[in-house]
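A.B. asks: This is the structure I want to talk about, given as structure tokens.
The values are calculated or read from the model by the stated rules, or taken from the named source; none is laboratory data. As the structure is a computational prediction, the values presented were derived from the model and not from experiment. Ideal geometry is used to build each Cβ from the backbone, glycine not excepted, and the neighbour counts take in all protein chains shown. The area values use the complete protein model at the heavy-atom level, side chains included, leaving out ligands, DNA and RNA. Shrake-Rupley method; radii C 1.70, N 1.55, O 1.52, S 1.80 Å.
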Amino acid sequence: MINVMEYLDITAEKYPDKVAFCGNSSELNLSLTFRQLRENSRRIASRILSDGFYKEPIVVFMEKSPYAVAANFAAVYSGNLYVTIEREMPRHRIEMIFENLKPRAVICEESTYDLLPDLPNAKTYLYSEAALTEIDESAENALAGVRERAIDTDPVYIVFTSGSTGIPKGITASHRSVIDYIENLSGILGVDDTTVFGNQAPLYVDACLKEVYTTIRNGATSYLISRETFMFPVKLVEFLNSRKINTICWVSSALSMIAGFKTFDTIIPEYLRTVAFGSELFPVKNLNIWKTALPNTRFINLYGPTEATGMSCYYEVNRDFDDSDNSTRIPIGHAFRNTEILLLDKDDNVITADSNTGEAGEICIRGSCLSLGYYNDFAKTAEFFTQNPTVKSYPDLIYRTGDLGSYNDYGELVFHSRKDYQIKHMGYRIELPEIETAACRNEQTALACCIYDNEKGKLILFYTGTCSASELTKYLKVNLPRYMLPNRIIALDEMPFTPNGKIDRVMLYNKYSGS
């Protein structure tokens, strides 16, 4: 397979009238079958091709809906690559992305048209109009020509992530890397035509690949759950049950929120057979709450950066974990097939599972999973996509994640933290997630996030839950070494999240600075 659209071509022939994607908000309560998804995508693609756009970024500025999925695929069918933007993104971020891309074509809808930045030289397509385009013989030939010229290293999308400088980084993935990822993930999750996904991630982050592409590969069905639904845990589980959703791949904080609010005392997900989680550490306490509520469900921990096209490691929970020990972490397990993980120490020596030293090193990744790098930024690409230090005779790229990990006694890889989250305080080296894990072990704590004020030398812990800050302080004094005790503990009504569902540490730091 060379082009990801081959997935949709095959599935639309096999399951033409089956629902592929369905929205859930009152405004977007719509669905597309596989045949409709393919037809709409190809119709819009023919318009794009007729206007001469080829192998360049097409911005899709639409609400999260099945129509946005079709617009993304239209860009791919036309031989271009898509960049998804949604109105919930901060305005300045949208403008920076447009400035980086300088797109000549944008697909939007009536609700987003007026929100577009000034684009004097760009062609704008309204989805509702472009999806009605008739495909004549000339258009069919043009679409066929695109497929004949396609190779698997062509780019398929750009995902913008937050950069350390505040400027978004555009990570460009190829058809080869996406296909490699989806083939692996489909097998690991056990996706088939009976799978019903409940999608959590926005369409502008790579986390949505888990549902979007495995759906079109396997003839599954995906419900695109609105962000508002996730604000009410009981209603969220009611939604899962009403749609008979049996598979979810969510960020760990979403699962922790449901566990922390004691949702399962009120309602249990009736149909879930597979729960995959990742992107952040999942406290063992919260995993055990889910396992107790769903004893027959598979739980799979996924790990991987956007630069490696999603997830690169997995661990299916196959034993019990004790949540009484702060150091207990759920492994990220082993690399996907056709992917290699190198754990490198500070001198670029390989730390092996056989060494059994427990030494931490930087997680580095090699294989077809690697993305093409950062759009319009060759210098940053060269900084993080580097020569494999174990290979001296030919070019062999690895991606340096900046994440720390080690091997446990089972030979499984265990994620520790970002290098950025390993700090030195009072002469001791501390990993901030270890403080968060200790706080979350408290029965009255729902979520926790620890930041470090390097200038003042202070540990600041934010949390949500039913206990007071003084009660949590007493708890931590018993469960943490003195040098790891937060200098300040701040209770929040709710934890802030980034659009892709991770705890927003930057917002918390700014909140602390202003308090």
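A.B. asks: Would you please give the residues with an amide H less than 5 Å from that of residue 226, counting only those at least 5 places away or on a separate chain, with H modeled from the backbone geometry?
C.D. replies: Residues meeting the criterion, in which the H sits 1.01 Å from N, are 24, 25.
A.B. asks: Please determine, in degrees from 0 to 90 and to the nearest 10, the orientation of helix 469-479 with respect to the longest principal axis defined by the Cα atoms of the chain, where the helix direction is its Cα long axis.
C.D. replies: 70 degrees
A.B. asks: Any idea how far the Cα center of segment 201-233 sits from the one of segment 14-80, in Å?
C.D. replies: Centre-to-centre (Cα) distance: 15 Å.
A.B. asks: Do any GluC sites (Glu not before Pro) in segment 225-272 lie in a DSSP loop with no more than 13 other beta carbon atoms within 10 Å, and if so, which? Intermediate results must be reported in sequence, preceding the final value.
C.D. replies: Details: sites: 228, 238, 270; in loops: 270.
Within segment 225-272, the qualifying GluC sites (Glu not before Pro) (loop, at most 13 other Cβ atoms within 10 Å) are 270.
A.B. asks: Kindly report the accessible area of segment 247-331 per residue (heavy atoms of protein chains, probe 1.4 Å, no ligands, DNA or RNA), in Å².
C.D. replies: On the way: 3000 Å² over 85 residues.
The answer is 35 Å² per residue.
A.B. asks: Then there's this: All other residues with a Cβ under 13 Å from the Cβ of residue 218 taken together, and with Lys, Arg as +1 and Asp, Glu as -1, what is their net charge? Could you put the intermediate results ahead of the total?
C.D. replies: On the way: positive: 14, 18, 210, 217; negative: 183, 192, 193, 211.
Around residue 218, the charge tally is 0.
A.B. asks: Can you put 459, 370 in order of accessible area, largest first, using a 1.4 Å probe?
C.D. replies: 370, 459
A.B. asks: Let me ask something else. Please go through the residue pairs 235/511; 285/346; 14/64; 18/502; 244/502 and name each one whose alpha carbons sit more than 28 Å apart in this structure.
C.D. replies: Numbers: 235/511 30 Å; 285/346 33 Å; 14/64 26 Å; 18/502 33 Å; 244/502 26 Å.
Cα-Cα > 28 Å for 235/511; 285/346; 18/502; rest within.
A.B. asks: If a/c stays under 1.5 just call it rounded; otherwise compare a/b with b/c (prolate if a/b is bigger, oblate if not). Do that for segment 16-157, with a ≥ b ≥ c from the square roots of the Cα gyration tensor eigenvalues. All intermediate terms of the calculation are to be shown ahead of the outcome.
C.D. replies: Values: a/c = 1.72, a/b = 1.12, b/c = 1.54.
Oblate is the answer for segment 16-157, as a/c is 1.5 or above yet b/c matches or exceeds a/b.
A.B. asks: Considering only protein heavy atoms, what per residue accessible area in square angstrom results for segment 415-515 with a 1.4 angstrom probe? Before the final figure, lay out the partial values.
C.D. replies: On the way: 5240 Å² over 101 residues.
Ligands and nucleic acids excluded, the result is 52 Å² per residue.
A.B. asks: Which of the peptides 275-283, 303-311, 290-298 is most tightly packed, and how do the rest follow, judged by the mean count of other Cβ atoms within 10 Å per residue? Walk me through the numbers before you get to the answer.
C.D. replies: On the way: 275-283: 22.4, 303-311: 26.3, 290-298: 14.7.
Listed from highest to lowest mean packing, they are 303-311, 275-283, 290-298.
A.B. asks: Right, something else. If you line up the long axis of helix 209-218 against the longest principal axis of the chain, both from Cα atoms, how many degrees apart are they, to the nearest 10?
C.D. replies: On a 0 to 90 degree scale, this one is about 50.
A.B. asks: For helix 66-77, report the angle its Cα long axis makes with the longest principal axis of the Cα atoms of the chain; keep it between 0 and 90° and round to the nearest 10°.
C.D. replies: That works out to roughly 70 degrees.
A.B. asks: Report the trypsin sites (Lys or Arg not before Pro) located in segment 333-423 that are in a DSSP loop and have at most 14 other Cβ atoms inside 10 Å of their Cβ, or state none. Write down the numbers at each step before the final one.
C.D. replies: On the way: sites: 337, 346, 366, 380, 392, 400, 418, 419; in loops: 337, 346, 392.
Qualifying residues, ordered by number: 337, 346, 392.
A.B. asks: Could you list which residues have their amide H under 5 Å from that of residue 160, counting only those 5 or more apart in sequence or on another chain, with H placed in the peptide plane?
C.D. replies: HN-HN under 5 Å from residue 160: 171.
A.B. asks: Tell me which GluC sites (Glu not before Pro) from segment 34-135 have a DSSP coil assignment and no more than 14 other beta carbons within 10 Å of their own. Don't jump to the answer; show the numbers that get you there.
C.D. replies: Details: sites: 39, 63, 86, 88, 95, 99, 109, 110, 129, 134; in loops: 63, 86, 88, 109, 134.
Answer in residue order: 88, 134.
A.B. asks: Another question about this same structure. Rounded to the nearest 0.05, what FRET efficiency do residue 383 and residue 506 give with R0 = 22 Å and r taken as the Cβ-Cβ distance? Could you check?
C.D. replies: Numbers: r = 22 Å, r/R0 = 0.98.
The calculated FRET efficiency here is 0.55.
A.B. asks: Please list the three semi-axes, largest first and in whole Å, of the ellipsoid equivalent to segment 45-128, using sqrt of 5 times the eigenvalues of its alpha carbon gyration tensor. Please report the intermediate quantities before stating the final value.
C.D. replies: Values: eigenvalues 68, 42, 25 Å².
In descending order, the three semi-axes are 18, 15, 11 Å.
A.B. asks: Here's another thing I want to ask about it. Where only protein heavy atoms count, and the probe is 1.4 Å, what is the accessible area per residue for segment 29-182 in Å²?
C.D. replies: Values: 6360 Å² over 154 residues.
Computed with neighbouring chains in place, this is 41 Å² per residue.
A.B. asks: Could you give each residue of segment 132-147 its phi-based ³J(HN,Hα) in whole Hz, using Karplus coefficients 6.51, -1.76, 1.60 with θ = phi - 60°, and x for Gly or Pro?
C.D. replies: 9, 4, 7, 9, 8, 4, 4, 5, 4, 5, 5, 5, 5, x, 4, 5
A.B. asks: What Kirkwood radius, in Å to one decimal, follows from the Cα pairs of segment 392-488?
C.D. replies: On the way: mean 1/r = 0.0656 Å⁻¹.
Radius from the Kirkwood sum: 15.2 Å.
A.B. asks: Pop out the carbon and sulfur fraction of the accessible area of the chain as a percent, whole number, probe 1.4 Å. Write down the numbers at each step before the final one.
C.D. replies: Numbers: 10600 of 22140 Å².
Of all accessible area on the chain, carbon and sulfur atoms account for 48 percent.
A.B. asks: State the antiparallel share, in %, of DSSP beta bridges confined to the chain, rounding to the nearest 5. Walk me through the numbers before you get to the answer.
C.D. replies: Numbers: 50 of 85 bridges.
In the chain, approximately 60 percent of DSSP beta bridges are antiparallel ones.
A.B. asks: How big is the Kirkwood radius of segment 215-309, worked out from every pair of different alpha carbons and given in Å to one decimal?
C.D. replies: Numbers: mean 1/r = 0.0714 Å⁻¹.
It is 14.0 Å.
A.B. asks: Still on this model: For segment 176-221, what Kirkwood radius comes out of the mean inverse Cα-Cα distance, in Å? List each step's numbers first, then the result.
C.D. replies: Working: mean 1/r = 0.0944 Å⁻¹.
Radius from the Kirkwood sum: 10.6 Å.
A.B. asks: Then there's this: Once every Cα of segment 349-410 carries one equal point scatterer and solvent is ignored, give the base-10 log of I(q)/I(0) from the Debye formula at q = 0.16 Å⁻¹, two decimals.
C.D. replies: -0.61
A.B. asks: Can you pull the percent of Cα pairs in the chain with separation above 35 Å? Can you show the working numbers first?
C.D. replies: Working: 45750 of 132355 pairs.
In whole percent, the long-distance tail amounts to 35.
A.B. asks: Sticking with this one: How big is the gap, in Å, between the Cα center of segment 286-317 and the Cα center of segment 140-200?
C.D. replies: Going from one Cα centre to the other spans 21 Å.
A.B. asks: Per residue of segment 445-457, what does 6.51 cos²θ - 1.76 cosθ + 1.60 with θ = phi - 60° give for ³J(HN,Hα)? Whole Hz please, x for Gly and Pro, Karplus curve as stated.
C.D. replies: With coefficients 6.51, -1.76 and 1.60, one gets 9, 8, 9, 8, 8, 10, 10, 10, 8, 5, 5, 9, x Hz.
A.B. asks: For segment 388-396, take each phi angle, set θ = phi - 60°, evaluate the Karplus expression 6.51 cos²θ - 1.76 cosθ + 1.60, and give the result in whole Hz per residue in order, putting x for glycine and proline.
C.D. replies: Ordered by residue, 3J(HN,Hα) equals 4, x, 8, 10, 10, 10, 7, x, 8 Hz.
A.B. asks: Which peptide among 348-354, 56-62, 122-128, 252-258 comes first, and what is the full order, when sorted by highest mean count of other Cβ atoms within 10 Å? Kindly include the intermediate steps, with their values, before the conclusion.
C.D. replies: Numbers: 348-354: 13.7, 56-62: 25.6, 122-128: 16.3, 252-258: 23.0.
The packing order, highest mean first, is 56-62, 252-258, 122-128, 348-354.
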